[in-house]
1. Is one or more of the residues making up the stretch 191-206 at pLDDT 95 or above, more than 30 Å from residue 319 (Cα to Cα) and in contact with a Cys (Cβ under 6 Å, 6 or more places away or on another chain)?
2. Taking the stated definitions as given, is residue 272 exposed (fewer than 14 other Cβ atoms within 10 Å of the Cβ) and not acidic (Asp, Glu)?
3. Give me the residue from the stretch 7-48 that is open to solvent by 100 Å² or more (accessible area, probe 1.4 Å) and charged (D, E, K, R) and, out of that set, nearest to residue 220 (Cα to Cα).
4. Consider only pairs whose beta carbons are under 7 Å apart and that are at least six residues apart or on different chains; among these, list those whose first residue lies in the stretch 42-54 and is closer than 21 Å to residue 98 by Cβ and without any contact (Cβ under 8 Å) to a residue 24 or more places away in the chain and whose second residue is of a type in the set (Gly, Ala, Ser) and surrounded by 13 or more Cβ atoms within 10 Å (Cβ to Cβ).
5. Restricted to the stretch 54-81, and to residues that are in contact with a helix residue (DSSP H, G or I) (Cβ under 7 Å, 6 or more places away or on another chain) and open to solvent by 20 Å² or more (accessible area, probe 1.4 Å), which residue is modelled with the lowest pLDDT?
6. Tell me, please, whether a residue that is under 18 Å from residue 321 (Cβ atoms) and of a type in the set (Gly, Ala, Ser) can be found in the stretch 96-118.
7. What number goes with the only condition from (1) under 19 Å from residue 73 (Cα atoms); (2) open to solvent by less than 30 Å² (accessible area, probe 1.4 Å) that residue 127 does not pass?
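The values are calculated or read from the model by the stated rules, or taken from the named source; none is laboratory data. Everything numeric here is computed off the predicted structure, so don't read it as measured data. Positions of Cβ are backbone-derived with ideal geometry, glycine not excepted, and every protein chain shown enters the neighbour counts. What goes into the accessible areas is simple: the full protein's heavy atoms, side chains included, and nothing from ligands, DNA or RNA. Shrake-Rupley method; radii C 1.70, N 1.55, O 1.52, S 1.80 Å.
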Amino acid sequence: MSWIREGELNLIEKISANILKAGPMPKHVAFIMDGNRRFARKKQMERQEGHMQGFNKLAETLRWCKHLNIQEVTVYAFSIENFKRSQNEVDGLMVLAKQKFEKLLEERENLEKHGVCIRVLGDLNMLPLDLQQLIAKAVVSTKTHNKCFLNVCFAYTSRYEITNAVREMAWGVEHGQIKASDVSEALLSECLYSNNSPNPDLLIRTSGEVRLSDFLLWQTSHSCLVFQSVLWPEYSFWNLCEAILQYQLNHTSIQKARDLHREHQAFVQLEADRACVAEHLQHHGNGKPADARRRQEALQHYATCREERIHDFLEALQNRRDSYYTDLLSDAVVA
């Protein structure tokens, strides 16, 4: 089954899509694709077939998102917690993932045609080496595409992601690239696996479970959360429309909360900069209080230097992440 499905919506779907698009539309939707195993039990089929049906539904859902002008989709494909399942099921999921990424590489021309950028978020070192190498090929071969984005969370949990971001900032402080005073909520966001994406506008979980299961906890603090009872392989265009309608009904309050949070972040950063500048002037002012003009100049200088430090640190961090993929590809060529 192809990752990118061609085909138009039917007439009723087109009309409904156009009505929805007259209102505010989510640009980034995240899915917890839950219910594959229950679907398999319901249909009396093997678990692996349930997971296969789940992937097919993802391909269909991406087509709907394309017609609804949803530019970015993030999916929870495999949690770190899933490694606790039976070895047979885990092995089957790894084989399925390998097959699907091999299929994706066969469709590179189609991905280029639609401008699809594939990103895989998680600790890929937990995966078999051959799967890591396939993922690296998929990520590198599509990284310049910029029309739409598919983020696949694999070997991922949000707490692990946040912990890793803290480690990245500690590495920056340890190597003198940033100061401890540069550490902030905004910087942590930039150190997450998802740093290249805006936060989701809408998060959808299927199967009736009403919890996030350690998925995008940081990123969805100001997102619309929709929990639907349908099992993922049975998900329909109309289920997606229902979720988008819920987003539209809550759009104003969500946007207001985001704006207030953004203003608060700016205020906290300004206060932190002022505290650092005041401490610096106190130690280097020969005991004389600085006038308002000197304090303002010092504040602007400090903020500029901080931004430069953070820019250089984030660039170094991105280079480290890019080198992981290039090293994998080099190893694949040697092998």
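1. Checked against the condition, which is being at pLDDT 95 or above, more than 30 Å from residue 319 (Cα to Cα) and in contact with a Cys (Cβ under 6 Å, 6 or more places away or on another chain), the stretch 191-206 yields at least one hit.
2. Here the answer is no, as residue 272 does not meet what is asked.
3. Filtering the stretch 7-48 for residues that are open to solvent by 100 Å² or more (accessible area, probe 1.4 Å) and charged (D, E, K, R), the one nearest to residue 220 (Cα to Cα) comes out as 27.
4. Once the first residue is closer than 21 Å to residue 98 by Cβ and without any contact (Cβ under 8 Å) to a residue 24 or more places away in the chain and sits in the stretch 42-54, its partners that are of a type in the set (Gly, Ala, Ser) and surrounded by 13 or more Cβ atoms within 10 Å (Cβ to Cβ) give 46/40; 49/40.
5. Per the stated criteria, the residue is 55.
6. Checking the stretch 96-118: not a single residue is under 18 Å from residue 321 (Cβ atoms) and of a type in the set (Gly, Ala, Ser).
7. Among (1) under 19 Å from residue 73 (Cα atoms); (2) open to solvent by less than 30 Å² (accessible area, probe 1.4 Å), the lone unmet condition for residue 127 is (1).
Conditions (1) under 28 Å from residue 298 (Cβ atoms); (2) polar (S, T, N, Q); (3) in contact with a Pro (Cβ under 9 Å, 6 or more places away or on another chain), marked per residue:
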position: 222; (1), (2), (3): no, no, no
position: 225; (1), (2), (3): no, no, no
position: 233; (1), (2), (3): no, no, no
position: 240; (1), (2), (3): no, no, no
position: 264; (1), (2), (3): yes, no, no
position: 270; (1), (2), (3): yes, no, no
position: 281; (1), (2), (3): yes, no, yes
